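The values are calculated or read from the model by the stated rules, or taken from the named source; none is laboratory data. Just so it is clear, the model here is predicted, and its values are computed rather than measured. Virtual Cβ from ideal backbone geometry, glycine too; neighbours counted across all protein chains shown. Each accessible area value is taken on the protein alone, full model and side chains, heavy atoms only, with ligands, DNA and RNA left out. Shrake-Rupley method; radii C 1.70, N 1.55, O 1.52, S 1.80 Å.
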Amino acid sequence: MEKIRVENVSYSYQNKYQKIEAVKEVSCSFEAGNMYAITGESGSGKSTFLSLLAGLDCPESGKILVEGENLLEMDRDAYRRKQISVVYQAFHLFPLLNAVENVMYPMELQGISRREAREQAEECLQEVGLGKKIFHQYPKMMSGGEQQRVAIARAMAAQGRILLADEPTGNLDSENEEHIVELLKMLAHERDYLVIVVTHNPEVARQADVCMKMKDGRMV
Ligand SMILES: Nc1ncnc2c1ncn2[C@@H]1O[C@H](COP(=O)(O)OP(=O)(O)O)[C@@H](O)[C@H]1O
Ligand SMILES: [Mg+2]
């Protein structure tokens, strides 16, 4: 099923001195159940494109349709809370929350009771391969691979089925990278997520169902 359609989308950054066209007239579509990789040189517009899909920035022209609905006309806070999860290279866990609390966070935003949120959080952590030993640890005590798994567990705990990942394995060794890619593929293929991974790692791109490339703001 087509989940996201991007029609002729452009976006630029404007500062005092210049205008940088970061995304130029991009059109493409994304289906649930697939893992997409977006590759391209540094500065080619990948992160900007992802933040447009995440509803964090608005296209300057063109439109993004999510299940047929224009993102600009939707309640974008609700979209971000309910449909989208973003995983970053630097993990972005909450440093003052332990693993379970980090994963509980999106569920609490959705008004799920603490008890249920805790149960589901523990389940998600186990699904990404983290045992009880890690539940009450704080991010700074975890390895990079563990932190990224917690970040993915947190994405799974959100009710959305769109997962955007910006260089999710950028800070990991190859063994952990493999685990994370397997998890992302599992979410796409077994749970019908739409997974879009920005990566400059050819090995990660090779594992995707569809590989796309950006160059100078364009999808080529
Ligand atoms: N906040 C910003 N302000 C101004 N320019 C930016 C900002 N973020 C990114 N850019 C510029 O937009 C272009 C695309 O950047 P980005 O989307 O981060 O590319 P990538 O993720 O592919 O490295 C680059 O030229 C970058 O310098
Ligand atoms: Mg980037």
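So the values come out like this:
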| quantity | calculated |
| --- | --- |
| Those residues of segment 25-35 which are out of contact with any helix residue (DSSP H, G or I) (no Cβ under 7 Å at 6 or more places or on another chain) and open to solvent by less than 10 Å² (accessible area, probe 1.4 Å), in sequence order | F30 |
| Selected residue [in contact with a helix residue (DSSP H, G or I) (Cβ under 9 Å, 6 or more places away or on another chain) and either on the phi > 0 side of the Ramachandran plot or hydroxyl-bearing (S, T, Y) (or both)] from S47, S143 | S143 |
| Which numbered condition A22 fails, given (1) aliphatic (A, V, I, L, M); (2) under 25 Å from Q207 (Cβ atoms); (3) buried (at least 21 other Cβ atoms within 10 Å of the Cβ) | (2) |
| Test: residue in segment 179-191 that is open to solvent by less than 50 Å² (accessible area, probe 1.4 Å) and assigned to a loop (DSSP other than H, G, I, E, B) | no |
| Members of segment 31-82 that are more than 16 Å from ligand 1 (Cβ to nearest atom) and under 13 Å from T199 (Cα atoms) | M35 |
| Residue, nearest to V23 (Cα to Cα), within segment 197-220, restricted to residues that are within 13 Å of ligand 1 (Cβ to nearest atom) and crowded, with 19+ Cβ neighbours inside 10 Å | G217 |
| Flag if S51 is within 16 Å of ligand 2 (Cβ to nearest atom) and without any contact (Cβ under 8 Å) to a residue 24 or more places away in the chain | yes |
| Of all residues making up segment 204-220, the number that are within 15 Å of ligand 2 (Cβ to nearest atom), in a strand (DSSP E or B) and of a type in the set (D, E, K, R) | 2 |
| Index of the failed condition, I162 passing every other in (1) under 26 Å from E25 (Cα atoms); (2) open to solvent by 10 Å² or more (accessible area, probe 1.4 Å) | (2) |
| Boolean, I134 is modelled with pLDDT of 90 or more and in a helix (DSSP H, G or I) | yes |
| Residue under evaluation N201, criteria (1) touching a helix residue (DSSP H, G or I) at 6+ places or on another chain (Cβ under 8 Å); (2) closer than 18 Å to V87 by Cα; (3) away from ligand 2 (no atom under 16 Å from the Cβ), criterion not met | (3) |
